[in-house]
Protein chains: 4
Amino acid sequence: MVKASVIGATGYAGVELIKLLCLHPHVELMYLTSQSYTGQKIQDVYPHLRGFIDQELKAQNIDEIDAVSDVVFLALPHGHAVPVAEKICAQGKKVIDLGADLRFRDTSVYEDWYHVKHENPSLSMKAVYGLPEIYRDKIKDARAVGNPGCYPTSALLALYPLIKEDLIDLSTIIIDSKSGVSGAGRSAVITSLYGECAENMKAYNVGKHRHTPEIEQALSEVAGCAVYVSFTPHLIPMTRGILTTAYAVLNSKGKEADINRLYQDYYQNEYFVRVHPAGVWPQTKWVTGTNFCDIGVAVDSRTNRIVVTAVIDNRVKGAAGQAGQNMNVMQDFPIMPGLELVPLYP
Amino acid sequence: MVKASVIGATGYAGVELIKLLCLHPHVELMYLTSQSYTGQKIQDVYPHLRGFIDQELKAQNIDEIDAVSDVVFLALPHGHAVPVAEKICAQGKKVIDLGADLRFRDTSVYEDWYHVKHENPSLSMKAVYGLPEIYRDKIKDARAVGNPGCYPTSALLALYPLIKEDLIDLSTIIIDSKSGVSGAGRSAVITSLYGECAENMKAYNVGKHRHTPEIEQALSEVAGCAVYVSFTPHLIPMTRGILTTAYAVLNSKGKEADINRLYQDYYQNEYFVRVHPAGVWPQTKWVTGTNFCDIGVAVDSRTNRIVVTAVIDNRVKGAAGQAGQNMNVMQDFPIMPGLELVPLYP
Amino acid sequence: MVKASVIGATGYAGVELIKLLCLHPHVELMYLTSQSYTGQKIQDVYPHLRGFIDQELKAQNIDEIDAVSDVVFLALPHGHAVPVAEKICAQGKKVIDLGADLRFRDTSVYEDWYHVKHENPSLSMKAVYGLPEIYRDKIKDARAVGNPGCYPTSALLALYPLIKEDLIDLSTIIIDSKSGVSGAGRSAVITSLYGECAENMKAYNVGKHRHTPEIEQALSEVAGCAVYVSFTPHLIPMTRGILTTAYAVLNSKGKEADINRLYQDYYQNEYFVRVHPAGVWPQTKWVTGTNFCDIGVAVDSRTNRIVVTAVIDNRVKGAAGQAGQNMNVMQDFPIMPGLELVPLYP
Amino acid sequence: MVKASVIGATGYAGVELIKLLCLHPHVELMYLTSQSYTGQKIQDVYPHLRGFIDQELKAQNIDEIDAVSDVVFLALPHGHAVPVAEKICAQGKKVIDLGADLRFRDTSVYEDWYHVKHENPSLSMKAVYGLPEIYRDKIKDARAVGNPGCYPTSALLALYPLIKEDLIDLSTIIIDSKSGVSGAGRSAVITSLYGECAENMKAYNVGKHRHTPEIEQALSEVAGCAVYVSFTPHLIPMTRGILTTAYAVLNSKGKEADINRLYQDYYQNEYFVRVHPAGVWPQTKWVTGTNFCDIGVAVDSRTNRIVVTAVIDNRVKGAAGQAGQNMNVMQDFPIMPGLELVPLYP
């Protein structure tokens, strides 16, 4: 049994983590922290958990957490995870940060986009970017994992085989992403109100979203050269789900069937990536509540562009589920425990 | 291992059943039928199931089904289940019908409300109404179970302790239910279109809904006398979930705390019924994707009325989940297999 | 031309008022106040208004407002309207308060339910409850109007003919209301977030909602005796719309056709009330964006109960539209100006 | 007064047209046809229209329609409008077709994409593409107008100034569109059910959607050379609204402020196009129920791409509203009659 704790347990990421860890046969949940609800029971804050868990939410006491935990999940606002991660790693424990603080090898990029000073660049240097389908081997040996952002997870899985195989003109990548509202978390802000989001859509942070450099870091590593992308996020009236549509010009004439087969091959051993047959376009509901990333691919022969769509549940594969997947990799568990989830459809 | 088959596998009830049976450790799925999709793979019709199942949908051949099955689930339009159930029972196999055909002991009531002749009243006489929280003992020994309707499940669990304890004036019961759109199934009808349902509400079949006599049959049995209720169903812009608000006048002055305790006591051994503390009103999302029925109770002392709300996922506790629960009872399995589901929240 | 001002212009009530007043051929909009957005242009806060209005939001200066206005609309949190209304009336101007402060003749009832001391009971005594279909004559001569709450508007129009004609047992009234989320206004609170409301329903404030005494005040006046009701509000995943289902036992056997005709007769001269034929149940979308209240009626002969459903757009007939309707009555305008709105369907 | 008729009055396009024409001060509605509801009153099919109109739906009798109409709107499935339009034009009446049959100058393109033989290419040659912001002068003199598709309306208004000014590399245009479900009309199909669309998103017809050649036809005319685009439509869980995100590489370094000013200039006399300041991204709700197209523009200097988003209500500017706007142009009416609509927000 692995002893796991969650710091920041009452945000949407935290509560999703608790759900998965409750179901995990090899995990014991040790310590849950919450600033807003200290002293309350988690099942009083989230009554849907009644019957599954009976724990009090505590203040964040790192020493206590260290003392009882093997793995610590951090679900904190960016800028707050570094000092915590530092201490945990120093005690020889493992840390998986669901925020952005450990995602960047070059912390100056982080600082440029997040407008926060990074307090421990060397920790970030050693941390591993937690996308198991690309970085599994490194994750196995990592002490600190920077769990990917929701948009980057979908964009990277959509583009990885193309770049790895050098099939596209790297200057032509456009990533148009559509996200459900839960991506903004459980903060009480006007822009996340039902009345503002329902029956409504918008683009936001066009050309300026912080997930842009995260996508570029990984794509550049795979390509072996600097890659820049145009990334546009959109807010969609649904709670869970991201659909990313990625475009690029093929280096040479490509056939849809060949490209589809390439994707099938690339992900054949990846349980959580399902490549659909040509002509089938994945729907976000096909992955709701699960850790799957479903992919569809087409070649638009009129323009010689490839179009890839990837859908994930932003709260699972885009956050808590991937964190659980990373823990399973780090602990050398099989792929499934805690993640045997059938999508909720309809 | 129990060998189970599903007749009518591609409606919303059928596909939910498949999901649960796929997860069930003691069940082997043998035979799936579909009229509309005969010959196709279930995972091509419902791609969210890809990776969980790989079966072809077959035409309905009762002899073949009988030959390979221990338990057969029927998810057919009303009026079509009786001849099938008849044959299956005749072979000594068990049948759980998710439609209305086996729900009524008095088939003349069925015929009045469903405008269909019942072809085997004696089968219906022997069948058991599959609400385990009230009829568990009978279900254990049943060969044929009439799985309850979605509205009745919520209404009966809301009212059962009150009537059993003779606390209310039976002539004052009002049941105001609100249902998500999936209750209408997956039929291509204009009234179920997104454009007609989103941002919209309506009452329908006021005073005439077919679940009325089903509710009355069970309440009358519990009360030991004929009970009539006013039942109004409403259509709400959401996919899953029923919230039933039940009203009745108390026979004598009641205290909220006492009534709440009564409910807690009544359901303390029922894993799937969660009674919330006084002042907490259950939300349908607290049970989404699960077999739970969450209950809240208040006494309105100004009018001496009791108000009870019960929420269920109409596709799970209101249909497939309850069918699975019934199978577990009939097979003497523990309560949980196939139903260890944490609600999807948010 | 009437000179109108809005105090509290940037909440959902305020912005709806502005929309209607912009369209009103006999109104000049003079002064808009906002605490949160003082100094900004209203069309920068609400860009959908671009092209319709070009005004700066000002701090609340009653003397300035008085100097330029004939009618002042108040859209303030309860407890804040009395001193403002006092001053405006003292200057001989007219005031329409969209909050609760002027709705009660007996301010002790207000104080019991709102937990606020009422600072000017005599002003409240003279104010008129602004439901034109019942109180039109008084509204004509009023200086101060307490615009009804959203739930009471729907409940009172549903029950008025029955009580006026003494057709029901007054002790049996149950009002089960379902409201869209915009009823909670534009406040940044967790319970109004998209992720908390979408695909979700709940009852709330059962037996305790502040609209209860407001409904009872009007019903008691019509009945000529004290009437108590059970009122249960529910939150529904949609932005606009209330559907109220009202139940009562008929004093004698009633026929559906007769009752329907009664409703038709009662409201035949009320442009904004549309009574549908027997068997037709109004949908909230049939009134979206308009000042209509659509009504359906049935007699449940099995229980001798009458069931009435009434739908309104809670932001229009339930708030701003009714305020405009009241202004038209007070100014002796025809019924339509500013309210010639065709519902948005689908 | 113009005498107007609608052929195909009970689809979503037809009913929206009726709404607008009811409000139009210079239009008399003469003749409404419906295949499915012949003989019924339009207000019985669409009760939200009760009080606004009282007309019987008739079978399609072209001679009768011709005899009483000045302008005829066609809202028919593609392939059905040509013979009707032919007759109407032959009688010297004007026709506005909301389908695709008259949108193409080169009917072989139409035939390739729609898989239908075009029965009157010369009629199509003379017809005018009804996008007033680009083709106003031709529309003035047209007898037959092919009203644009919903996606093309948003895409063309988004791209027009860039191409007209030769600012972009024409080979780099990507159009990623997101549409509400009402775009699929009121057909009873499974893919449009609430349960299939809510909390769900997907791309569809990738690289193959019929609006592609329509967009290319207009862009090519503006550019003076053949333009090919990648166009991907997506289905979004909302009823009304399209958001189109268009991407292209700038021919030379561009500044956001300059580009924004260009758009402001281009559309300054177009009442229905609202260009928002740099950094403001239009939301579909800002135009709900209206004929507006709201536009936002950014230059992504890292990639030298321009990103434009345009939002419309697909049922208004994307269909019926634009048809009304075209009628106003053809009749030399002012811009506004029938279209003085304030958006429904929230």
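The values are calculated or read from the model by the stated rules, or taken from the named source; none is laboratory data. This one's a predicted model, so the numbers in the text were calculated from it and none came from an experiment. So basically every Cβ, Gly included, is an ideal-geometry build from the backbone, and we count neighbours across all protein chains shown. Note: accessible area is taken over every heavy atom of the protein model, side chains too, but ligands, DNA and RNA are not part of it. Shrake-Rupley method; radii C 1.70, N 1.55, O 1.52, S 1.80 Å.
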**Asked** the range B:111-166 to the range C:149-175: how many Å between their Cα centroids?
**Response** 36 Å
**Prompt:** Relative to the present Cα-Cα distance, how much length would full extension add between B:Thr191 and B:Asn251 at 0.36 nm per residue of separation?
**Reply:** 17.5 nm
**Prompt:** For the range C:1-96, what % of the accessible area comes from carbon and sulfur atoms, probe 1.4 Å?
**Reply:** 46 percent
**Asked** Peptide C:274-280: average number of partner chain Cβ atoms within 10 Å per residue?
**Response** 2
**Message:** With the label 7 angstrom out along Cα to Cβ, how close does A:Asp44 come to the same site in each of the other copies, in nm, nearest first?
**Reply:** 4.5, 5.5, 5.9
**Request:** Report the net charge of residues surrounding D:Val15, where surrounding means a beta-carbon distance below 10 angstrom and charges are Lys +1, Arg +1, Asp -1, Glu -1.
**Result:** +2
**Request:** State, in square angstrom and to the nearest 100, the accessible area buried between chains D and C, both chains counted, probe radius 1.4 Å.
**Result:** 2900 Å²
**Request:** At a Cα cut-off below 17 Å, give the aspartates and glutamates reachable from A:Lys93, other chains included and same-chain residues fewer than 8 away excluded.
**Result:** A:Glu28, A:Asp63, A:Glu64, A:Asp66, A:Asp70, A:Asp141, A:Asp332
**Prompt:** Where the centre of each part is set by its Cα atoms, how far does the range D:326-346 sit from the range A:21-78, in angstrom?
**Reply:** 57 Å
**the protein assembly as shown: C-alpha gyration tensor shape, a/c 1.5 cut-off, then a/b vs b/c** = rounded
**Message:** What does the C-alpha gyration tensor say about the overall shape of the range C:144-202? Classify as rounded when a/c is under 1.5, otherwise prolate if a/b is larger than b/c, or oblate.
**Reply:** oblate
**Message:** If you scale each eigenvalue of the Cα gyration tensor by 5 and take the root, what three semi-axes come out for the range B:1-103, rounded to whole angstrom and sorted largest first?
**Reply:** 20, 15, 12
**Item:** Coordinate range along principal axes, alpha carbons of chain B, Å, largest first
**Value:** 61, 43, 39
**Request:** Report, to the nearest 10°, how far helix C:321-330 tilts away from the longest principal axis of the Cα atoms in chain C, using its own Cα long axis and a range of 0 to 90°.
**Result:** 80 degrees
**Message:** Under the convention of a label 7 Å out along Cα→Cβ, give the distances in nm from D:Glu111 to the same position in every other copy, shortest first.
**Reply:** 6.2, 6.7, 8.6
**Request:** Pop the C-beta distance of A:Thr38 and C:Glu28 into the FRET formula with R0 = 56 Å and round what comes out to the nearest 0.05.
**Result:** 0.55
**Fill in**
Expected integer from the mean partner chain Cβ neighbour count at 10 Å over C:309-316 is 2
**Message:** Given the -39500 (n - 2.57) contribution per DSSP H run of 4+ residues, what per-residue ellipticity at 222 nm results for the protein assembly as shown, rounded to the nearest 500 deg cm²/dmol?
**Reply:** -9000 deg cm²/dmol
**Prompt:** Of the accessible area of the range D:151-314, with the probe set at 1.4 angstrom, what percent is carbon plus sulfur?
**Reply:** 48 percent
**Orientation-averaged projected area, Cα convex hull of the range B:122-237 (nm²)** = 8.7 nm²
**Request:** Have a look at A:Asn260, A:Asn314, A:Asn147 and tell me which one the Gaussian network model of chain A (Cα, springs below 10 Å) gives the largest fluctuation.
**Result:** A:Asn260
**B:Lys178, C:Lys58, reordered so the largest accessible area comes first (probe 1.4 Å)** = C:Lys58, B:Lys178
**Fill in**
From highest to lowest solvent-accessible area (probe 1.4 Å; ligands, DNA and RNA excluded), D:Phe333, D:Phe73 read D:Phe333, D:Phe73
**Prompt:** For the range C:285-324, what ratio Rg/Rh do Cα atoms give with a Kirkwood hydrodynamic radius?
**Reply:** 1.19
**Prompt:** So how much accessible area does B:His78 have, in Å² to the nearest 10, using a 1.4 Å probe?
**Reply:** 60 Å²
**Prompt:** Given R₀ = 25 Å, FRET efficiency for C:Val116-C:Ile62 by Cβ-Cβ distance, to 0.05?
**Reply:** 0.80
**Asked** Tell me, what is the 1.4 Å probe accessible area of B:Lys41, in Å² to the nearest 10?
**Response** 70 Å²
**Fill in**
Contact-by-burial set, the range A:6-37, min loss 30 Å², accessible area of protein heavy atoms with 1.4 Å probe, reference chain alone, gives A:Tyr12, A:Lys19, A:Leu23
**Complete:** Expressed per residue, the solvent accessible area of the range D:151-314 in Å² (1.4 Å probe) is about 27 Å²
**Asked** So how far apart, in nm, are the two label points at B:Phe52 and B:Arg261 if each is 7 Å from Cα heading toward Cβ?
**Response** 4.3 nm
**Other copies of A:Met1: label-to-label distances in nm, shortest first, labels 7 Å along the beta-carbon direction** = 3.1, 7.7, 8.3
**Request:** May I ask you to derive the FRET efficiency for D:Ser171 and D:Ser220 from their Cβ-Cβ distance with R0 = 22 Å, giving the value to the nearest 0.05?
**Result:** 0.95
**Complete:** With all protein chains present and a 1.4 Å probe, the order of C:Arg302, C:Arg143, C:Arg50 from largest accessible area down is C:Arg143, C:Arg302, C:Arg50
**Message:** Please list, short to long, the whole-number percent of alpha-carbon pairs of the range D:151-314 in consecutive 10 angstrom bins beginning at zero.
**Reply:** 11, 39, 35, 13, 2
**Message:** Could you compute how much accessible surface C:Tyr228 exposes when probed at 1.4 Å, giving the result in Å² to the nearest 10?
**Reply:** 120 Å²
